[in-house]
Each structure stands twice: as structure tokens, then as C-alpha cells.
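The structure under discussion appears below in the form of C-alpha cells.
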Amino acid sequence: MSPRRQVAFPILYEGRKLDTGFRIDLIVDERMIVEVKAVNELSSVHKAQILTYLKLSGLRLGLLINFNVALYRQGIKRFGL
């Protein structure tokens, strides 16, 4: 199964579907969220974003990848619930 890209993510509240404008960059194998950034430094907002996506989606594993780093491995952060 190929990853789904730019997945629109509505929220269900009291049986109603609310279009929040959330877009998950990648969902891999319906098991993991991948959020991609190209920023000087990851901030608490980026971390809160992926944690929110994990909680609302029910998925348990996420990667936050920043491509604006000297070494690729320095830009990968793993999150789990």
C-alpha cells in the first residue's frame, strides 16, 4: 500500500463532521504519520501539531522530519503515544 499524501483530516464532534483544515503530510501503511518541515529549528508548535494529529487520528506512531539540517539524522524526531 502506498502512502497517502496531504490527507484532509476532519474532526467528528457530537456526530458532526467539522472541516478543520488539518492536512497530514503522509500516512504510511495506515500506521504512521509523517510530517515534513524545512525550517531552521523545530519549535514546540511543530511538536504539538504531530501530537495533535496522533491523538485525533488514533494512530500511535509519528515522525517529524526537518530537511533543513546538516545531517539528515539530526532532523528526525520520533513520537509515540
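The values are calculated or read from the model by the stated rules, or taken from the named source; none is laboratory data. Small disclaimer: the values here were computed from a predicted structure and weren't measured. Note that we place each Cβ from the backbone using ideal geometry, even for glycine, and neighbour counts take in every protein chain shown.
What to note about this one:
- First in the range 1-19 and over 17 Å from Lys55 (Cβ atoms), second anywhere and at pLDDT below 75 and part of a strand (DSSP E or B), Cβ under 7 Å, 6 or more apart: Lys17/Pro10; Asp19/Pro10
- Count of the range 32-55 residues which are of a type in the set (S, T, N, Q) and surrounded by 12 or more Cβ atoms within 10 Å (Cβ to Cβ): 2
- Of residues in the range 11-31 being of a type outside the set (A, V, I, L, M, F, W, C) and assigned to a strand (DSSP E or B), the one surrounded by the most Cβ atoms within 10 Å (Cβ to Cβ): Asp25
- Test: residue in the range 69-79 that is of a type in the set (Lys, Arg), surrounded by fewer than 15 Cβ atoms within 10 Å (Cβ to Cβ) and in contact with a helix residue (DSSP H, G or I) (Cβ under 8 Å, 6 or more places away or on another chain): no
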